[in-house]
Amino acid sequence: MAVPVDEAGISETNVYKERNGAKSMDETRRTTINDFLAQLGLPPGDPSNFHRALTHSSYAYEAGTADNERLEFLGDAVVGLAIGAALFQMYPNVNEGALAKMRASIISATSLGAQAARLGFGQYLLLGKSEAQSGGRERQSILADAFEAFVGAVYLTYGWDTAHHWLIDQFQTALQEASK
């Protein structure tokens, strides 16, 4: 019997299969993640970090697997540094207090959540049943956390240069409008 799969390649039961007693991502999920990376202008690669970045704690609890919180921690630092450095270079005559306010505005949960929604992160998130049923795919806080975790995965997979350039591309308009 075939297991129904939604548009993000997520089966209604689980995206893992047992391999020698260990859980591993199924091929549909691997392909879906690499397609998402291509959609975002990133090269294909090992999707495991991105899979974890898109795994909410509610799903991880139900599936008995790792969630995205450690990657979120790392991504938060990468986002802050990339946006802070860009503002520092773009606005050489602006004092640090104003730069801090500009950065805070650009990397707020509201801004990151909106960016993640615009990029379609919600359809790729793995959420627990209750979280999914209560609108978690559209919840700004969940999207913002997933965005930061995704950036952490970009950094781990491709390095600083790719993470930095990808972030600057994503926030070009916000960076240019920051001083207004």
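Select, from Ser58, Ser141, Ser108, the only residue that is under 19 Å from Lys180 (Cβ atoms) and modelled with pLDDT of 95 or more.
Numbers: Ser58 fails: under 19 Å from Lys180 (Cβ atoms); Ser141 fails: under 19 Å from Lys180 (Cβ atoms).
Just a single option satisfies the conditions, and that option is Ser108.
Can you tell me which residues in the stretch 113-141 are closer than 21 Å to Val79 by Cα and among the polar types (S, T, N, Q)?
Listed by number, the residues that qualify are Gln115, Gln140, Ser141.
With the requirement that a residue be more than 14 Å from the chain's Cα centre (by Cα) and of a type in the set (D, E, K, R), what does the stretch 60-87 give you?
Correct list: Glu62 only.
Considering only the stretch 34-71, state which residues are part of a helix (DSSP H, G or I) and more than 18 Å from Ile142 (Cβ to Cβ).
Across the stretch 34-71, the qualifying residues are Asn34, Asp35, Leu37, Ala38, Gln39, Ser48, Asn49.
Take the residues of the stretch 122-180 that are not hydrophobic (A, V, I, L, M, F, W, C) and not in a helix (DSSP H, G or I): which is surrounded by the fewest Cβ atoms within 10 Å (Cβ to Cβ)?
Lys180
What are the residues in the stretch 134-180 that are among the β-branched types (Val, Ile, Thr) and touching a helix residue (DSSP H, G or I) at 6+ places or on another chain (Cβ under 7 Å), if any?
Those that are among the β-branched types (Val, Ile, Thr) and touching a helix residue (DSSP H, G or I) at 6+ places or on another chain (Cβ under 7 Å): Ile142, Val151, Val154, Thr157, Thr162, Ile168.
Being closer than 27 Å to Asp46 by Cβ and over 16 Å from the mean Cα position of the chain (by Cα) narrows it down to one residue among Ala117, Ala98, Ala132; which is it?
Ala132
The values are calculated or read from the model by the stated rules, or taken from the named source; none is laboratory data. This is a predicted model, so every value here is computed, not measured. No Cβ is skipped: glycine too gets one built from the backbone with ideal geometry, and neighbour counts run over all protein chains shown.
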